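Have a look at the structure below before the remarks.
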Amino acid sequence: MGAFSIVVSGQYKDDKDEGDTIIYTGSGGHEPSDRTREQVRDQEWTDFGNEALRKSSETGKPVRVVRGYELESEFAPWEGFRYDGLYTCTRAWQEKNRDGHYIICRYRMERVPGQLPLRRRSTNFPRYKLLLGEVVQPPAPMPPPVTPRQRIMQQIGALVDSDQRTHGPSKELHR
C-alpha cells in the first residue's frame with residue numbers, strides 16, 4: 001500500500017526542503033522519550049513509517065505532505081502545520097547522517113505537477129500573499145487536542161477532508 005502522509009517539521013536536521021523537491025529523513029534511531037531527537041542508533045527500514053515510505057517509492061503512489069512551522073525552510077508555514085499537496089517518492093536509500101555517525105533512511109519526494117503554487121514565507125513580515133484567484137475560508141473549529149500527536153492527526157484529518165472535497169475521494173485511501 002505505502003505511506004499515506006508525511007510531516008516535514010524540522011525534527012531531523014538532515015531534511016532538505018527545496019519546495020517542489022524534499023529530501024526527507026526517515027523515522028527512528030532516537031530514544032522516543034528524548035525531546036532533543038538526537039540520534040543514538042542507525043535507522044532501519046523496519047522502523048515505524050520507513051517501510052511504508054519505501055513501498056511508496058516502489059509503487060509510485062502519491063503521498064500527502066504536511067509542513068510544520070519549526071522547519072527551517074522558506075516553504076514552512078509561520079505557525080502550526082499546513083497541507084502542501086501530493087508528492088511522489090521517487091527514490092529511497094540509506095546513507096550516513098551529516099554527522100557521519102549513524103545510518104539514516106532517505107527519501108526523495110517530488111511534487112506532483114498541476115497543483116497550486118507553494119507559499120513562501122515573506123522576509124518582510126510574517127504573512128503570505130494571496131495567490132491569484134485564491135479565497136481564504138476559515139477552518140472549521142476542532143475539539144481541543146489531548147496530546148501533540150492527536151493535534152497533528154486532527155489537523156491532517158481536516159486537510160485530507162479538504163483535499164478530498166477539492167480533488168474527489170481517492171480510490172486507494174479510506175478514512
Given all pairs of distinct Cα atoms, the range 2-112 yields a Kirkwood Rh in Å of 14.0 Å
Tell me which trypsin sites (Lys or Arg not before Pro) from the range 1-95 have a DSSP coil assignment and no more than 14 other beta carbons within 10 Å of their own. Lys13, Arg35, Arg37, Arg41
Per residue, accessible area of the range 83-124 with a 1.4 Å probe, heavy atoms of protein chains only, in Å², comes to 59 Å²
How many Å³ per residue does the convex hull of the Cα positions in the range 69-124 occupy? 111 Å³
Can you list the HN-Hα couplings for the range 46-53, worked out from phi with the Karplus curve (6.51, -1.76, 1.60; θ = phi - 60°), rounded to whole Hz and with x for Gly and Pro? 7, 4, 3, x, 5, 5, 5, 5
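Can you pull out the chymotrypsin sites (Phe, Trp or Tyr not before Pro) in the range 13-117 whose DSSP state is coil and whose Cβ has at most 12 other Cβ atoms within 10 Å?
Working: sites: Tyr24, Trp45, Phe48, Tyr69, Phe75, Trp78, Phe81, Tyr83, Tyr87, Trp93, Tyr102, Tyr107; in loops: Trp45, Phe48, Tyr69, Phe75, Trp78, Tyr102.
The qualifying sites are Phe48.
Please compute the alpha carbon radius of gyration of the range 27-76, then divide it by the globular-protein estimate 2.2 N^0.38 Å. Two decimals is fine. Let's see the in-between values first.
On the way: Rg = 13.5 Å, N = 50, 2.2 N^0.38 = 9.7 Å.
Normalised by 2.2 N^0.38 Å, the Cα Rg of the range 27-76 equals 1.39.
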Between Thr21 and Arg149, what length in nm is gained on full extension when 0.36 nm per residue of separation is reduced by their alpha carbon distance? 43.5 nm
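The values are calculated or read from the model by the stated rules, or taken from the named source; none is laboratory data. Nothing here was measured: the structure is a model prediction, and the numbers come from that model. With ideal geometry, Cβ positions are generated from the backbone for all residues, glycine too; neighbour counts draw on all protein chains shown. Side chains are part of the model used for accessible areas, which takes the heavy atoms of the whole protein and leaves out ligands, DNA and RNA. Shrake-Rupley method; radii C 1.70, N 1.55, O 1.52, S 1.80 Å.
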